[in-house]
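As structure tokens, the structure follows; a few thoughts come after it.
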Amino acid sequence: MELEDTQAAGEFLSSNGEPQSGSTESEESLIQLVQTRFPNKGFCIVQQWTIVRAIASDGDLTKIHVHGHLPLFVFAEKVILDSRGRFDYGNWVRSTMAISFQDGFLFETKNTVYVLMGDGDEKSARLAAILSLYQ
């Protein structure tokens, strides 16, 4: 099962998704916005991003929602700015599961708000395939 999940993860990462648009605001405007709306929370401005919607059983979706999460993840190929210095400019990053997704570009996890800048896409994949990328 694990090999199948890893292969499925590779397939969804290399496939084309549904085009989406993030924010077109300047970096400075986005910094002000995220600091106002999410005070005291770290943020990461990213480009070339993909929202991955998990396909899961009803039971797994119930568990996800009970824990206050949404079945969404972000993978970004380019970090522009990380407010806490965890990720260097130009590096890639992947999120944990979302707790909110606002205005089409503010992707919040428990610890970080990922600010989706510019164009990206959205894909769906089995939850097990997504989680195989975290092992």
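The values are calculated or read from the model by the stated rules, or taken from the named source; none is laboratory data. Keep in mind that this is a model prediction, so the values were computed, not measured. When we count neighbours, we look across all protein chains shown, and the Cβ atoms used for this are built from the backbone with ideal geometry, even at glycine.
Details
- Matching option when the condition is of a type in the set (D, E, K, R), within 10 Å of the chain's Cα centre (by Cα) and surrounded by fewer than 18 Cβ atoms within 10 Å (Cβ to Cβ), among R94, R86: R94
- Looking only at residues in region 110-135 that are among the polar types (S, T, N, Q) and more than 11 Å from the chain's Cα centre (by Cα), the one that is nearest to H67 (Cα to Cα) is N111.
- Annotation note: Cβ proximity below 6 Å between a residue of region 1-29 that is under 24 Å from L81 (Cβ atoms) and a residue that is in a loop (DSSP other than H, G, I, E, B) and at pLDDT 95 or above (sequence gap 6+ or interchain) occurs for G22/F105; G22/G118; S23/F105.
- Some residue of region 88-102 being of a type in the set (A, V, I, L, M, F, W, C), in a loop (DSSP other than H, G, I, E, B) and closer than 17 Å to P39 by Cα: yes
- Helices (runs of 4 or more DSSP H) contained in region 1-86 and holding at least 1 residues modelled with pLDDT of 95 or more and farther than 17 Å from Y134 by Cβ: 27-37, 58-66
- G104 vs. criteria touching a residue at least 12 places away in the same chain (Cβ under 8 Å), surrounded by fewer than 16 Cβ atoms within 10 Å (Cβ to Cβ) and within 14 Å of the chain's Cα centre (by Cα): yes
- Restricting region 34-48 to residues that are surrounded by 11 or more Cβ atoms within 10 Å (Cβ to Cβ), of a type outside the set (G, A, S) and out of contact with any Phe, Trp or Tyr (no Cβ under 7 Å at 6 or more places or on another chain), the residue that is nearest to E122 (Cα to Cα): Q48
- Test: residue in region 66-79 that is aliphatic (A, V, I, L, M), surrounded by fewer than 16 Cβ atoms within 10 Å (Cβ to Cβ) and out of contact with any Leu (no Cβ under 8 Å at 6 or more places or on another chain): yes
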